[in-house]
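Heads up, the thing below is written out as structure tokens.
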Amino acid sequence: MPSEITKAFLSAFLEYDTVKVVHIKSKKAGIINRITQLVIIVYIIGVAIIYMKGYQTFSSIESSTTTKVKGAAYTNFSTKEFNPHLRNIEDYRRIWDVADYVVPPSESGSFFVTTNIVITSNQTQSTCPEDPEIPGAVCDPNNNTCQAGTPTLLGNGMMTGACVTSDINSKTNVCEIYAWCPVEQDLNPLMRNILDTSNKTYLRGCHYHPRTNPACPIFVLGEIVAEAGEDYDAMATKGGVIAIIIEWDCNFDYDENYCIPKYSFRRLDDPKAKLAKGWNFRFANYFSDNTRSLYKVYGIKYVVIVHGKGGKFNFVPLLINIGSGLGLLAVATVIGDIIVLYVLKKRKYYRSKKFQLAFVEDEEGSCKDKTDLAVRKRKNENCNSDCPETFKLNESQQTK
Amino acid sequence: MPSEITKAFLSAFLEYDTVKVVHIKSKKAGIINRITQLVIIVYIIGVAIIYMKGYQTFSSIESSTTTKVKGAAYTNFSTKEFNPHLRNIEDYRRIWDVADYVVPPSESGSFFVTTNIVITSNQTQSTCPEDPEIPGAVCDPNNNTCQAGTPTLLGNGMMTGACVTSDINSKTNVCEIYAWCPVEQDLNPLMRNILDTSNKTYLRGCHYHPRTNPACPIFVLGEIVAEAGEDYDAMATKGGVIAIIIEWDCNFDYDENYCIPKYSFRRLDDPKAKLAKGWNFRFANYFSDNTRSLYKVYGIKYVVIVHGKGGKFNFVPLLINIGSGLGLLAVATVIGDIIVLYVLKKRKYYRSKKFQLAFVEDEEGSCKDKTDLAVRKRKNENCNSDCPETFKLNESQQTK
Amino acid sequence: MPSEITKAFLSAFLEYDTVKVVHIKSKKAGIINRITQLVIIVYIIGVAIIYMKGYQTFSSIESSTTTKVKGAAYTNFSTKEFNPHLRNIEDYRRIWDVADYVVPPSESGSFFVTTNIVITSNQTQSTCPEDPEIPGAVCDPNNNTCQAGTPTLLGNGMMTGACVTSDINSKTNVCEIYAWCPVEQDLNPLMRNILDTSNKTYLRGCHYHPRTNPACPIFVLGEIVAEAGEDYDAMATKGGVIAIIIEWDCNFDYDENYCIPKYSFRRLDDPKAKLAKGWNFRFANYFSDNTRSLYKVYGIKYVVIVHGKGGKFNFVPLLINIGSGLGLLAVATVIGDIIVLYVLKKRKYYRSKKFQLAFVEDEEGSCKDKTDLAVRKRKNENCNSDCPETFKLNESQQTK
């Protein structure tokens, strides 16, 4: 064995192995084979290489988005429009500019626009009745369950132990708490859309439109919501999340200037969510260490999502595609073989050509000289140029 | 040559090439070959196609996460628990609600919960002694190195040029600075866990549990930290970063409702970091242009990381998997060949069948034993079935 | 047919098919073939497996970055340096520390550093003249176009209906508005670089340098901008976005400690943008529900982008690479075949050896009995064991 391997290795550079091919003259098999190959080649060149840009390497993008919101609104409710359970209508009669309604003022890749608000102005750290809506807040003055020093969980403060009349609902008794007082009345003031979608004629520069101006990066907020297929009024009341999806698909084999983004819009939060529908949060402006105004703001969070890739010609993916394509060409042969060997009328003949039998009944080997005719016959098939010259001579003599 | 190519091209549609196969009757080779093929086919169908969902195309997800934190805490330290070096214990005796301890109030994909704080209340823009801990702040009144108009680097303000007694450590002299005064005493008040993990019975709705309730999106903060394998008390003192990893793995061949997320938790910052251990930052509440309270807050930043993909049946990846699987079947043949050609007793015989020799010893050509020179010349190129009929007849006559 | 298939299936485990190979003794073909194979094998082992780490599975990273900014600055402009159109020079003479110039105080994966500012202090909700720069703000007192109750779009407030003299430009008449008053004078105070790049000798610990200290995570802000190839002064005036790209490429087959990040820096915003050049935003500090100071801040937003992957040895990708490499070896055979069949002098002979013809002229089948010896001879090759035994016997009798 080892000497065989050494010999094989040395002779490897002097010899060349190639697969033996049976060349069949059959129109049917030929045409089917060629058509299959054509389909595969068209797929490789047309789809994998040209359409899917199989000749390019792609790199992902590094992106950051900066956004700017413009516009002001004035909320001057009549008493009729206002929720009568709220005590502080004057707090809501005010002007809102960008520093008021964009909270926080700067975010990476997203911005929040207030569209509804609950204001609790001039809170101080002191004691007051808890909100009766908080679980565990309601108490019975005759059987006081308020535990001094324990927080009202999911509530606003620490119980003082007293059970007092609620300042929100005078028929209820609630635990008194040490907290930022008075506590928030978590009631919707029936405000809607404190931001009007602006009159477009005032916009400087371009103005995004899905068909007529799809590359302009200036949007009317209400139109973004409409493009996402949502109702602005409904969304503004409870809040929500809208994705502004920016798609860059750049081909750097051409000029960089042809690389323009596509915008699309989608609502990301589930308007049918059972839990915590919409989007709101609380923040406070502090006027001293002991005074603040608390805001519960509802609004639309616009999240900018950037997708993208840049392609450039490169040999490696081209070769990989060509290579895998060559591999796929084997499929044509498989189909051709099935037709030739199992479908065509002359299948038995073709099979006899494709398959060479190598049967050995005797344990000893193959190229023995036998006189028996039957054996010789078989030999005729089984013994090839590999057999020693002497044997071949024998054979040709016998053939005579 | 060109006419040959043209002919070859034209005949390409009438002919079909298939590889010649040697059909060997050997139980050993047959069984090993079939078993190898079976393993490969099981791998392709079972693993690559069914288990790895090789019949689906996957698309990545677009996600945005909104989070809400609930609860309030009251920090009423006894003088004993409090760091005696801090001058302002009263600032720390207060109530903390969500608008106080979540800073900033709204972030994309993460939220910060204050768990420890250094308060410096009622700073004004004026002059005061620098913190002696700042490099370059300590000075010698006899050899004043304080340069008026130069900032104390990494410090709090601009030196006035005076060298004064520190208000923090009366034995030290430090440069006087124009800054927000008084400067912060960067000392831990020994506060811990200003947020108690809440009593679960008060939670409305469900409550996340890794085994009993793995799809509920309501978490107790302390349990998130525990799930991440960290100690809440230790982490709350110095701060840190916890990832809430949400994994969506959706199969849209089924109903969308089967698509539920998996939650897992991990600490992302290195608790053994040599530099800037934990997580803290400073912010200020401004009470006038010239008055503010400065807060150095330590806490846990919860970062929500969403992974996910959605799969749907598609022919392209199925074909690619089948194709590459067919390619892998070649491995079975390689193994079979090694057995048949190098291992089996009858290997020499099989090799003689597999390999057909094409040796040309003389430089002139192959078809030896010729009398006619012209014929021999032609033979040189044409020998075999390609040879002209006349020559072939000659040959067969000679063979006789 | 079905019985054929059944037989074929049963015999499949007793037999083995292997491709018949023509073994050609040709130095040229042999050497070219071996060199091609060598190149491919070197590529597979050297490039695909070792260099590209084809033996590892990679997983993406979960990351979160925390940043900390240090330093203070004092802006004490002389009247000469200051924009004479601005009324409030005193507001700009002040100290800036980290709680002042980092807005918002904490962000996920990025931080903003104020480098230029427009201050509008002590605004109240009241009436005042609109900024004459706002489209639609200028009015003619003789032909009053100010509509009471309508907002000045892209402006600061709600028109009261009066047309008054501008407080910014006394020669112009503008609509009076109900807004946060006085309105901002959107003029650059000619401030630059309110943050000096600090003297490095004061830095505690290490200090990043692209060559001498590439793994240190402490940066001087001005050097980050310089590394990104930008001019700090120009960028500080109008603002901009700089990416701090952190690259982790970890090999977990070695010790985790060898896994150190690489830093690089890039400007992400387009300094030649026609629209909204640079980066700025407005925020306000609220001193009561009715008083605030408005800040328009320009600055550099540093966005931290983390790339990375971790590799670990795994059998699956190794096998895939070996498999696809074996596939590529077919290319060597294609090249060898082209040389042997179309280039070498003895190409016709080799072709005759590689291709076995299977022509059938008559429609009826293959194994017809012919009397002519020469034809019969050929048939001897073309007709194989598939032919019925009786016919074969006939043939061998004739051969006698």
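The values are calculated or read from the model by the stated rules, or taken from the named source; none is laboratory data. Since we're looking at a predicted model, the values are computed, not measured. Ideal geometry is used to build each Cβ from the backbone, glycine not excepted, and the neighbour counts take in all protein chains shown.
Can you find a residue that is of a type in the set (D, E, K, R), under 38 Å from the mean Cα position of the chain (by Cα) and away from every other protein chain (no Cβ under 12 Å) anywhere in the stretch C:54-77?
There is no residue in the stretch C:54-77 that is of a type in the set (D, E, K, R), under 38 Å from the mean Cα position of the chain (by Cα) and away from every other protein chain (no Cβ under 12 Å).
Taking B:V98 as the residue in question, decide whether it is within 11 Å of chain A (Cβ to nearest Cβ) and out of contact with any helix residue (DSSP H, G or I) (no Cβ under 6 Å at 6 or more places or on another chain).
Yes.
Identify the single condition in (1) more than 14 Å from chain A (Cβ to nearest Cβ); (2) touching a helix residue (DSSP H, G or I) at 6+ places or on another chain (Cβ under 8 Å) that B:S121 does not satisfy, given that it satisfies every other one.
Just one mismatch for B:S121, condition (1).
If I ask for residues that are in a helix (DSSP H, G or I) and modelled with pLDDT of 80 or more, which ones from the stretch A:5-28 would you list?
A:K27, A:K28
Return the pairs, sorted by first residue and then second, in which the second residue is of a type outside the set (S, T, N, Q) and not in a loop (DSSP other than H, G, I, E, B), the first residue lies in the stretch A:147-159 and is closer than 20 Å to A:A284 by Cα and at pLDDT below 85, the beta carbons are less than 8 Å apart, and the residues are 6+ apart or on different chains.
Partner pairs satisfying both residue conditions: A:L154/B:Y202; A:G155/A:I177.
Restrict the check to the stretch C:316-326 and report whether at least one residue is more than 9 Å from chain A (Cβ to nearest Cβ), closer than 24 Å to C:Q37 by Cβ and among the β-branched types (V, I, T).
Yes - at least one qualifying residue is present in the stretch C:316-326.
So how many residues does the stretch C:45-96 have that are assigned to a loop (DSSP other than H, G, I, E, B), closer than 30 Å to C:S166 by Cα and modelled with pLDDT of 85 or more?
Total meeting the criteria: 1.
Please go through the stretch B:29-39 and give me each residue that is more than 10 Å from every other protein chain (Cβ to nearest Cβ) and either on the phi > 0 side of the Ramachandran plot or surrounded by 15 or more Cβ atoms within 10 Å (Cβ to Cβ) (or both), ordered by number.
The one that is more than 10 Å from every other protein chain (Cβ to nearest Cβ) and either on the phi > 0 side of the Ramachandran plot or surrounded by 15 or more Cβ atoms within 10 Å (Cβ to Cβ) (or both): B:T36.
Could you go through the stretch A:118-129 and let me know if any residue there is closer than 30 Å to A:V304 by Cα and not polar (S, T, N, Q).
yes
So which residues in the stretch C:168-213 are modelled with pLDDT of 80 or more, in contact with a Leu (Cβ under 7 Å, 6 or more places away or on another chain) and not hydrophobic (A, V, I, L, M, F, W, C), if there are any at all?
Of everything in the stretch C:168-213, those that are modelled with pLDDT of 80 or more, in contact with a Leu (Cβ under 7 Å, 6 or more places away or on another chain) and not hydrophobic (A, V, I, L, M, F, W, C) turn out to be C:E184, C:Q185.
Yes or no, residue by residue, for (1) at pLDDT below 90; (2) among the charged types (D, E, K, R); (3) over 30 Å from A:R94 (Cα atoms); (4) assigned to a loop (DSSP other than H, G, I, E, B):
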| position | (1), (2), (3), (4) |
| --- | --- |
| C:C216 | yes, no, yes, yes |
| C:A234 | yes, no, yes, no |
| C:Y254 | yes, no, yes, yes |
| C:Y263 | no, no, yes, no |
| C:D270 | yes, yes, yes, yes |
| C:V297 | no, no, no, no |
| C:K312 | yes, yes, yes, no |
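Six or more apart or on different chains, Cβ atoms under 6 Å: show the pairs whose first residue is in the stretch C:241-269 and touching a residue at least 24 places away in the same chain (Cβ under 8 Å) and within 11 Å of chain A (Cβ to nearest Cβ) and whose second is assigned to a strand (DSSP E or B) and among the charged types (D, E, K, R).
Hits for this filter: C:V241/C:K301; C:I242/C:R267; C:A243/C:R266.
Checking A:V98 against (1) of a type outside the set (S, T, N, Q); (2) assigned by TED's automatic domain parsing to the domain that holds A:L341; (3) free of Cβ contacts under 8 Å to residues at least 60 places away in the same chain, only one condition comes out false. Which one?
Checking A:V98 against (1) of a type outside the set (S, T, N, Q); (2) assigned by TED's automatic domain parsing to the domain that holds A:L341; (3) free of Cβ contacts under 8 Å to residues at least 60 places away in the same chain, the one that fails is (2).
Among the residues of the stretch A:165-179, are any closer than 30 Å to A:T115 by Cβ and not in a loop (DSSP other than H, G, I, E, B)?
yes
If you take the residues of the stretch A:133-162 that are surrounded by 22 or more Cβ atoms within 10 Å (Cβ to Cβ) and among the small types (G, A, S), which of them is farthest from the other protein chains (Cβ to nearest Cβ)?
The selected residue is A:A137.
List the residue pairs whose Cβ atoms are under 6 Å apart, where the first residue sits in the stretch A:13-28 and is within 7 Å of another protein chain (Cβ to nearest Cβ) and touching a residue at least 40 places away in the same chain (Cβ under 8 Å), the second is assigned to a loop (DSSP other than H, G, I, E, B) and of a type in the set (K, R), and the two are 6 or more positions apart or on different chains.
A:V22/B:K20
Answer yes if at least one residue in the stretch A:282-300 is farther than 24 Å from A:N156 by Cα and more than 7 Å from every other protein chain (Cβ to nearest Cβ), and no otherwise.
yes
Criterion first (within 19 Å of A:Y295 (Cβ to Cβ), in contact with a strand residue (DSSP E or B) (Cβ under 8 Å, 6 or more places away or on another chain) and either in a strand (DSSP E or B) or assigned by TED's automatic domain parsing to the domain that holds A:G222 (or both)) does A:T160 satisfy it?
no
Go through (1) touching a helix residue (DSSP H, G or I) at 6+ places or on another chain (Cβ under 7 Å); (2) closer than 21 Å to C:G71 by Cβ; (3) touching a residue at least 40 places away in the same chain (Cβ under 8 Å) for B:P132 and report which single condition fails.
Condition (1) is where B:P132 drops out.
For C:T165, are the conditions met, namely being surrounded by fewer than 20 Cβ atoms within 10 Å (Cβ to Cβ), at pLDDT 90 or above and either farther than 19 Å from A:K70 by Cβ or more than 14 Å from chain B (Cβ to nearest Cβ) (or both)?
yes
Restricting to the stretch B:108-162, name every residue that is touching a Leu at 6+ places or on another chain (Cβ under 6 Å) and within 19 Å of C:R93 (Cβ to Cβ).
Hit for the stretch B:108-162 is B:Q123, nothing else.
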